[in-house]
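This report concerns only the one structure given below.
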Amino acid sequence: MGYNAAPLERLIEQFAKLPGIGRKGATRLAYQVLGMDRQEALDFARAIEEAHTKIHRCAVCQNFTEDEVCPICAGETRDHGTICVVESPRDVTAFERTREYRGLYHVLHGLISPMDGIGAEQLCIKELLTRLNTGEVREVIMATNPTVEGEATAMYLAKLIKPLGIKTTRLAYGLPVGGNLEYADEVTLGRSLANRGEL
(Lines give C-alpha, C1' and ligand atoms only; values in the text may rest on other atoms or scores of the structure.)
Protein backbone atom coordinates (compact mmCIF):
# COMPACT_ATOMS: atom_id res chain seq x y z
CA MET A 1 0.00 0.00 0.00
CA GLY A 2 2.86 2.42 0.71
CA TYR A 3 2.59 5.83 2.31
CA ASN A 4 -0.17 7.25 0.10
CA ALA A 5 -3.82 7.73 1.01
CA ALA A 6 -5.93 4.90 -0.44
CA PRO A 7 -7.73 7.01 -3.11
CA LEU A 8 -4.37 8.38 -4.32
CA GLU A 9 -2.92 4.88 -4.41
CA ARG A 10 -5.88 3.67 -6.51
CA LEU A 11 -5.34 6.57 -8.93
CA ILE A 12 -1.64 5.73 -9.24
CA GLU A 13 -2.53 2.08 -9.89
CA GLN A 14 -4.94 3.10 -12.69
CA PHE A 15 -2.32 5.27 -14.41
CA ALA A 16 0.28 2.50 -14.02
CA LYS A 17 -1.98 0.16 -16.05
CA LEU A 18 -1.42 2.32 -19.14
CA PRO A 19 1.26 0.92 -21.48
CA GLY A 20 4.61 2.68 -21.23
CA ILE A 21 3.81 4.27 -17.85
CA GLY A 22 5.80 2.98 -14.91
CA ARG A 23 5.19 3.55 -11.22
CA LYS A 24 7.15 6.83 -11.21
CA GLY A 25 5.26 8.29 -14.18
CA ALA A 26 1.94 7.10 -12.76
CA THR A 27 2.70 8.80 -9.45
CA ARG A 28 3.59 12.06 -11.23
CA LEU A 29 0.32 11.96 -13.23
CA ALA A 30 -1.74 11.18 -10.12
CA TYR A 31 -0.25 14.19 -8.30
CA GLN A 32 -0.98 16.39 -11.34
CA VAL A 33 -4.62 15.31 -11.20
CA LEU A 34 -4.68 16.07 -7.46
CA GLY A 35 -3.27 19.51 -8.26
CA MET A 36 -6.25 20.34 -10.52
CA ASP A 37 -9.14 22.31 -9.12
CA ARG A 38 -12.38 20.37 -8.62
CA GLN A 39 -13.99 21.46 -11.92
CA GLU A 40 -10.87 20.56 -13.97
CA ALA A 41 -10.75 17.14 -12.33
CA LEU A 42 -14.46 16.51 -13.03
CA ASP A 43 -14.01 17.62 -16.67
CA PHE A 44 -11.07 15.20 -16.97
CA ALA A 45 -13.13 12.33 -15.56
CA ARG A 46 -16.09 13.24 -17.81
CA ALA A 47 -13.85 13.27 -20.90
CA ILE A 48 -12.73 9.70 -20.11
CA GLU A 49 -16.32 8.57 -19.51
CA GLU A 50 -17.62 10.20 -22.71
CA ALA A 51 -14.79 8.71 -24.78
CA HIS A 52 -15.99 5.29 -23.61
CA THR A 53 -19.71 5.81 -23.94
CA LYS A 54 -19.98 7.98 -27.09
CA ILE A 55 -17.21 6.60 -29.30
CA HIS A 56 -17.70 3.37 -31.24
CA ARG A 57 -16.47 1.79 -34.48
CA CYS A 58 -17.58 3.15 -37.85
CA ALA A 59 -20.00 0.70 -39.51
CA VAL A 60 -17.89 0.85 -42.70
CA CYS A 61 -14.16 1.26 -41.92
CA GLN A 62 -14.04 0.35 -38.19
CA ASN A 63 -12.30 3.63 -37.27
CA PHE A 64 -13.42 5.34 -34.04
CA THR A 65 -16.32 7.77 -34.49
CA GLU A 66 -19.27 9.36 -32.71
CA ASP A 67 -21.57 8.74 -35.68
CA GLU A 68 -22.82 5.56 -37.34
CA VAL A 69 -20.45 6.26 -40.26
CA CYS A 70 -17.26 8.31 -39.77
CA PRO A 71 -16.72 11.64 -41.61
CA ILE A 72 -14.05 10.09 -43.88
CA CYS A 73 -16.34 7.31 -45.15
CA ALA A 74 -19.19 9.81 -45.48
CA GLY A 75 -17.01 12.36 -47.30
CA GLU A 76 -18.16 12.89 -50.88
CA THR A 77 -14.78 14.20 -52.02
CA ARG A 78 -12.91 11.01 -51.01
CA ASP A 79 -11.82 8.41 -53.57
CA HIS A 80 -14.02 5.40 -52.80
CA GLY A 81 -11.99 3.21 -55.16
CA THR A 82 -8.95 3.09 -52.84
CA ILE A 83 -8.78 1.57 -49.36
CA CYS A 84 -5.73 1.94 -47.12
CA VAL A 85 -5.56 -0.92 -44.58
CA VAL A 86 -4.04 0.05 -41.21
CA GLU A 87 -3.53 -1.59 -37.83
CA SER A 88 -5.10 1.04 -35.56
CA PRO A 89 -7.09 4.30 -35.55
CA ARG A 90 -3.85 6.13 -34.67
CA ASP A 91 -2.51 5.22 -38.12
CA VAL A 92 -5.49 6.91 -39.80
CA THR A 93 -4.58 10.12 -37.95
CA ALA A 94 -0.96 9.81 -39.14
CA PHE A 95 -2.02 9.45 -42.80
CA GLU A 96 -4.54 12.29 -42.57
CA ARG A 97 -1.80 14.61 -41.28
CA THR A 98 0.11 14.14 -44.56
CA ARG A 99 -2.84 15.60 -46.55
CA GLU A 100 -1.58 13.41 -49.43
CA TYR A 101 -4.09 10.58 -49.28
CA ARG A 102 -7.64 11.07 -50.56
CA GLY A 103 -8.98 7.51 -50.39
CA LEU A 104 -10.73 5.57 -47.62
CA TYR A 105 -9.35 3.45 -44.77
CA HIS A 106 -9.95 0.13 -43.12
CA VAL A 107 -8.82 -0.39 -39.51
CA LEU A 108 -7.93 -3.98 -38.55
CA HIS A 109 -7.63 -3.27 -34.79
CA GLY A 110 -4.51 -5.41 -34.47
CA LEU A 111 -2.17 -7.66 -36.43
CA ILE A 112 -1.90 -11.41 -36.83
CA SER A 113 0.44 -12.54 -34.07
CA PRO A 114 0.44 -16.26 -33.21
CA MET A 115 2.90 -15.61 -30.34
CA ASP A 116 0.26 -13.39 -28.68
CA GLY A 117 -2.60 -15.73 -29.61
CA ILE A 118 -4.05 -13.26 -32.15
CA GLY A 119 -5.42 -14.94 -35.27
CA ALA A 120 -7.07 -13.54 -38.39
CA GLU A 121 -10.55 -14.14 -36.94
CA GLN A 122 -9.87 -11.60 -34.16
CA LEU A 123 -9.19 -8.80 -36.65
CA CYS A 124 -11.72 -6.83 -38.76
CA ILE A 125 -10.97 -8.84 -41.90
CA LYS A 126 -14.44 -10.08 -42.83
CA GLU A 127 -15.66 -6.47 -42.73
CA LEU A 128 -12.92 -5.58 -45.23
CA LEU A 129 -13.85 -8.45 -47.56
CA THR A 130 -17.51 -7.35 -47.43
CA ARG A 131 -16.46 -3.89 -48.64
CA LEU A 132 -14.39 -5.39 -51.47
CA ASN A 133 -17.37 -7.35 -52.82
CA THR A 134 -19.18 -4.17 -53.90
CA GLY A 135 -17.05 -3.92 -57.06
CA GLU A 136 -16.25 -0.25 -56.36
CA VAL A 137 -12.72 -0.78 -55.01
CA ARG A 138 -9.81 -0.68 -57.49
CA GLU A 139 -6.83 -0.77 -55.10
CA VAL A 140 -6.08 -1.88 -51.54
CA ILE A 141 -2.96 -0.37 -49.95
CA MET A 142 -1.39 -2.48 -47.20
CA ALA A 143 -0.14 0.07 -44.67
CA THR A 144 0.68 -2.21 -41.74
CA ASN A 145 3.97 -1.60 -39.92
CA PRO A 146 7.18 -3.13 -41.34
CA THR A 147 7.40 -5.67 -38.50
CA VAL A 148 7.14 -9.47 -38.67
CA GLU A 149 3.47 -9.24 -37.64
CA GLY A 150 2.77 -6.36 -40.03
CA GLU A 151 4.34 -8.20 -42.97
CA ALA A 152 2.55 -11.47 -42.13
CA THR A 153 -0.81 -9.68 -41.93
CA ALA A 154 -0.21 -7.86 -45.24
CA MET A 155 0.75 -11.11 -47.00
CA TYR A 156 -2.28 -12.94 -45.56
CA LEU A 157 -4.66 -10.21 -46.76
CA ALA A 158 -2.99 -9.99 -50.18
CA LYS A 159 -3.62 -13.73 -50.68
CA LEU A 160 -7.32 -13.23 -49.87
CA ILE A 161 -7.70 -10.14 -52.08
CA LYS A 162 -5.77 -11.23 -55.20
CA PRO A 163 -8.48 -13.69 -56.41
CA LEU A 164 -10.97 -10.78 -56.35
CA GLY A 165 -9.00 -9.09 -59.14
CA ILE A 166 -8.28 -6.00 -57.02
CA LYS A 167 -4.82 -4.39 -57.20
CA THR A 168 -2.99 -4.89 -53.88
CA THR A 169 -0.01 -2.67 -53.05
CA ARG A 170 2.35 -2.31 -50.08
CA LEU A 171 3.75 0.92 -48.66
CA ALA A 172 7.31 1.58 -49.81
CA TYR A 173 9.83 1.62 -46.98
CA GLY A 174 13.25 3.15 -47.05
CA LEU A 175 15.50 5.81 -45.62
CA PRO A 176 13.94 8.53 -43.49
CA VAL A 177 14.32 12.13 -44.60
CA GLY A 178 17.35 13.60 -42.83
CA GLY A 179 18.69 10.08 -42.16
CA ASN A 180 22.29 8.97 -42.50
CA LEU A 181 23.25 5.96 -44.66
CA GLU A 182 25.98 5.02 -42.21
CA TYR A 183 23.44 4.37 -39.45
CA ALA A 184 20.75 2.65 -41.53
CA ASP A 185 20.24 -1.05 -40.87
CA GLU A 186 20.72 -3.48 -43.76
CA VAL A 187 17.00 -4.28 -44.10
CA THR A 188 16.09 -0.59 -44.49
CA LEU A 189 18.95 -0.04 -46.94
CA GLY A 190 17.90 -3.09 -48.92
CA ARG A 191 14.30 -1.84 -49.05
CA SER A 192 15.51 1.61 -50.15
CA LEU A 193 17.38 0.03 -53.06
CA ALA A 194 14.49 -2.20 -54.06
CA ASN A 195 11.98 0.67 -53.91
CA ARG A 196 14.15 3.22 -55.73
CA GLY A 197 12.42 5.50 -58.23
CA GLU A 198 13.54 7.49 -61.26
CA LEU A 199 14.53 11.15 -60.79
Mean separation of Cα contacts under 8 Å (at least 6 apart) over the residue count of the chain, i.e. the relative contact order in percent, is 13
Summing -39500 (n - 2.57) over every DSSP H run of at least 4 in the chain, dividing by its residue total and rounding to the nearest 500, the 222 nm mean residue ellipticity is -13000 deg cm²/dmol
Reported to the nearest 10 Å², Tyr31 has, with a 1.4 Å probe, an accessible area equal to 120
Taking placed amide H atoms and a strict 5 Å upper bound, the residues 5 or more places from Gly103 or on another chain that come that close are Asp79
Tilt, helix 148-161 to longest principal axis of the chain (alpha-carbon atoms), in degrees rounded to tens, equals 50
Using alpha carbon centers only, region 141-172 is separated from region 21-90 by a whole-angstrom value of 27
Accessible-area order for Lys54, Lys17, Lys167, largest to smallest, probe 1.4 angstrom, reads Lys17, Lys167, Lys54
Of every Cα-Cα pair in region 60-142, the percentage lying beyond 23 Å is 19
Note on the chain, DSSP bridge orientation, antiparallel percent to nearest 5 equals 20
So the angle from the long Cα axis of helix 89-98 to the longest Cα principal axis of the chain, reported in degrees to the nearest 10, equals 70
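Just to confirm a number: summing +1 for Lys and Arg and -1 for Asp and Glu over residues other than Pro146 whose beta-carbon lies under 15 angstrom from that of Pro146, what do you get?
On the way: positive: Arg170, Arg191; negative: Glu87, Asp91, Glu149, Glu151, Asp185, Glu186.
Result for the neighbourhood of Pro146: -4.
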Listed by chain and number, the aspartates and glutamates with an alpha carbon less than 19 angstrom from that of Lys167, same-chain partners under 8 positions apart left out, are Asp79, Glu127, Glu136, Glu139, Glu151
Scoring only Lys, Arg, Asp and Glu (+1, +1, -1, -1) among other residues with Cβ under 14 Å from the Cβ of Lys54 yields -3
Length gained if Ala184 through Ala47 is fully extended, taking 0.36 nm per residue and subtracting the Cα-Cα distance, is 45.2 nm
Any lysines whose Cα falls less than 24 Å from that of Lys162, other than same-chain ones fewer than 8 residues away, would be Lys126
Residues meeting the amide H criterion for Cys70 (H placed from the backbone, H to H distance under 5 Å, 5 or more places apart or on another chain) are Ala59, Val60, Cys61
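Within the set Lys24/Lys54; Lys17/Lys159; Lys17/Lys54, which residue pairs have Cα atoms separated by over 27 Å?
Going by Cα-Cα distance, Lys24/Lys54; Lys17/Lys159 fall outside the 27 Å limit.
Which order do Glu87, Glu186 take when ranked by solvent-accessible area (1.4 Å probe, heavy atoms of all protein chains), largest first?
Output order, biggest surface exposure first: Glu186, Glu87.
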Under the Karplus relation with 6.51, -1.76 and 1.60 and θ = phi - 60°, whole-Hz ³J(HN,Hα) for region 111-119, x at Gly and Pro, equal 9, 5, 8, x, 4, 9, x, 9, x
Judged on accessible area alone, 1.4 Å probe, highest first, Met155, Met115, Met36, Met142 line up as Met115, Met155, Met36, Met142
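The values are calculated or read from the model by the stated rules, or taken from the named source; none is laboratory data. Just so it is clear, the structure is predicted and the values come from calculations on it, not from any experiment. Every residue, glycine among them, receives a Cβ derived from its backbone with ideal geometry; neighbour counts consider all protein chains shown. Calculation scope for accessible area: heavy atoms of the full protein, side chains included, ligands and nucleic acids excluded. Shrake-Rupley method; radii C 1.70, N 1.55, O 1.52, S 1.80 Å.
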